[in-house]
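Below is one structure, written out as structure tokens, with a few remarks after it.
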Amino acid sequence: MTDGTTVTIVLGTRPEIIKLAPVIDACEERGIAYSVVHTGQHYSEELDTVFFDQLELPTPDHNLGVGSGSQSEQTGAMIPAIEAVLLDEQPELVLVQGDTNSVLAGAIAASKLECEVGHVEAGLRSFDRSMPEEVNRVLADHAADYLFAPTEQAANYLHEEGIPDERVHITGNTIVDSVMGYRDLAAEKSAVLDELGLDAGEFCLLTAHRAENVDDRERFESLLDGVARFARESDLDVVYPVHPRAAERLAAFDIGMPAEITPIDSQDFLDFLRLESTATLVLTDSGGVQEETCILGTPCVTLRDNTERPETVDVGANRVIGIGPESIVAGAREALDSPNDWENPFGDGRSAERILDIANLGPTTSVEEVCG
Ligand code: UD1
Ligand code: UDP
């Protein structure tokens, strides 16, 4: 038990660790009494401890060890386990980030107790209710007392859903804090290009792990076929750090990796940032990767039918091109031929400070909300 905990941070997956790291660091710097609850949704070293080690985060105070399962099994197992910690710690505020099952479970457990809920990265919408992430983010937003929207667009969606304006705060996205904090270190320390035999500016980076793509054999094959065709046409190497979910599906469907795509292990944050920064083009179905490429100035195409990050498309950094082979070839070519002169729409890298200021945690800084 942590006596006198003010804020409990609930996380469970790779993107939450990366995007909450700046909030944890800011809590440390301000001397705030905080605790970290890890749901255990991600548990493999490559998705979990590697990030705690590299981002120098403290070991979570609680690891609930929930692990993998169906959507409801996983979410359902998390709720009472989080509740038990919250009943013990009695924090004033519970922070969750993003759209995973860990976020939904944290928001539900906290909202049923006498603690406030803060949702970091509130207000994102793909308007595709078939994705578990969309349901999670909508429900978490409606359970939250503090909605930390990364952009004005996200705040507008919340306004349109009738969420009172006083709950919504535009803070920027904490991913900017993380990227700014580690980009230079990645350039200095990462040897990933040499290790993989890649030359900066002469390769493409692929990530594909979303359930709607990799759990459907035809979609997964179509996506890989399109990327392979683009690789042949452009004569660019493609490296693909394979998420465990995708690895499991490749094996179960017995899909052979096209020769044009080199599968590699999931990368740690510094190596992945280095790959993103130096790639000619990134092809992805990840949410965080759409943001990071936009921040880093690398063109991106999104292998999905929609995005909850329309800001990346609006500034010209990203194109939503689906998973059809022809569309991938045409979209990737267009992205390569377009200028990379957009501005990052996700804030100035001080989002974590802003979030703590707004929640009245610790001594306030002079950081204003990004815009009103
Ligand atoms: C989850 C999120 C997704 C997010 C992704 C980040 C939900 C609904 N989905 O998807 O939004 O983009 O995390 O990476 O919350 N597995 C391992 N080791 C692990 C974790 C998972 O091998 O540490 C494998 C298991 O086979 C498991 C599968 O990956 O069944 C899926 O894991 P799960 O946590 O259910 O979803 P993700 O695909 O990781
Ligand atoms: N990432 C990483 N190594 C990889 C792939 C991704 O460190 O091999 C990081 C990436 O920099 C980003 C985050 O993981 O910060 C994105 O997570 P993911 O794509 O798993 O989830 P999503 O953002 O789609 O929810």
Which whole-angstrom value gives the distance between the alpha carbon centres of segment 53-124 and segment 131-157? 16
Using a/c under 1.5 as the rounded threshold, could you call segment 114-169 rounded, prolate or oblate? The axes a ≥ b ≥ c are square roots of the C-alpha gyration tensor eigenvalues, and prolate needs a/b larger than b/c, oblate otherwise. oblate
Cβ neighbours within 10 Å, averaged per peptide: list 249-259, 112-122 in order, most packed at the top. 112-122, 249-259
If one builds a Gaussian network model of the chain from Cα atoms under 10 Å apart, the most fluctuating residue listed among D314, D285, D48 is D314
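How big is the dipole moment of the chain about its Cα centre under a simple scheme where the beta carbon of each Lys and Arg is +1, that of each Asp and Glu is -1, and everything else is neutral? Debye, nearest 20, please. Show your work: numbers first, answer last.
Values: 24 positive and 70 negative charges, 104 e Å.
With Lys and Arg at +1 and Asp and Glu at -1, about 500 debye.
Can you give the helix-only mean residue ellipticity at 222 nm for the chain, where every DSSP H stretch with n ≥ 4 adds -39500 (n - 2.57) and the sum goes over all residues, rounded to the nearest 500 deg cm²/dmol? Don't jump to the answer; show the numbers that get you there.
Working: 16 runs with 173 residues, N = 372.
My calculation for the chain gives -14000 deg cm²/dmol from helical runs alone.
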Please work out the C-alpha center-to-center distance from segment 319-372 to segment 215-265 and express it in whole Å. 27
Gyration tensor verdict on segment 147-270 (Cα atoms; rounded if a/c is under 1.5, prolate if a/b is larger than b/c, oblate otherwise): oblate
For segment 6-143: rounded, prolate or oblate by the Cα gyration tensor [a/c cutoff 1.5]: rounded
Nearest 10 degrees is fine. How inclined is helix 269-278 to the longest principal axis of the chain, computing both from alpha carbons? 40
Relative contact order of segment 137-295, please, whole-number percent, based on alpha carbon pairs below 8 angstrom and at least 6 residues apart. 28
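Bear in mind these aren't lab numbers, they're just calculated from the coordinates by the rules spelled out. Not measured: the values here are computed from a predicted model. Cβ atoms come from the backbone with ideal geometry, glycine included; neighbour counts cover every protein chain shown.
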